[in-house]
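Engineer: Pasting in a structure now, in structure tokens, and then I'll have a few things to ask.
The values are calculated or read from the model by the stated rules, or taken from the named source; none is laboratory data. Being a predicted model, the structure only gives us computed values, none of them experimental. Neighbour counts are summed over all protein chains in view; Cβ atoms, including those assigned to glycine, are modelled from backbone coordinates with ideal geometry. Remember, those area values only see protein heavy atoms, side chains included, never the ligands or the DNA or RNA. Shrake-Rupley method; radii C 1.70, N 1.55, O 1.52, S 1.80 Å.
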Amino acid sequence: MQRPTTPEETALYQSWLTQAKTALHQLAIGKKTVTLSYNGETITYDKTDEGRLRRYIGELEVALGIVSCVRRPGVRA
């Protein structure tokens, strides 16, 4: 995922991040499925997709400069 280059792109990425974190929260409190839309695509996640959703959140955070890299459990830098 590329870093946003304009204020508009940054706002869009922030919006996606907020939606993804909300979706993860919804799964954590027991919702069966959650749906996210971005770049013209709609993706539905369920509890078994939690890892995928966490990776997506990590990618957005890296692109926005919130964190410097996405670390995988058990992998040393």
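Engineer: If I go through segment 40-61 residue by residue, how many of them are within 10 Å of the chain's Cα centre (by Cα) and open to solvent by 40 Å² or more (accessible area, probe 1.4 Å)?
Structural biologist: Initial filter on segment 40-61 (within 10 Å of the chain's Cα centre (by Cα)): 52-61.
With the extra rule that they be open to solvent by 40 Å² or more (accessible area, probe 1.4 Å), the set shrinks to 52, 54-55, 59.
Here the count works out to 4.
Engineer: Take the residues of segment 16-29 that are over 10 Å from the mean Cα position of the chain (by Cα) and assigned to a helix (DSSP H, G or I): which is farthest from Asp46 (Cα to Cα)?
Structural biologist: The residue in question is His25.
Engineer: May I pose another question? Are there any pairs with C-beta distances below 9 angstrom linking a residue in segment 1-19 that is within 14 Å of Asn39 (Cα to Cα) and in contact (Cβ under 8 Å) with a residue 60 or more places away in the chain to a residue that is open to solvent by less than 100 Å² (accessible area, probe 1.4 Å) and not in a helix (DSSP H, G or I), with the two at least 6 apart or on different chains, and if so which?
Structural biologist: Between residues of segment 1-19 that are within 14 Å of Asn39 (Cα to Cα) and in contact (Cβ under 8 Å) with a residue 60 or more places away in the chain and residues that are open to solvent by less than 100 Å² (accessible area, probe 1.4 Å) and not in a helix (DSSP H, G or I), the close pairs are Pro4/Leu64.
Engineer: Right, next: How many residues does segment 1-39 hold that are more than 17 Å from Leu64 (Cβ to Cβ), aliphatic (A, V, I, L, M) and open to solvent by 30 Å² or more (accessible area, probe 1.4 Å)?
Structural biologist: So the count comes out to 2.
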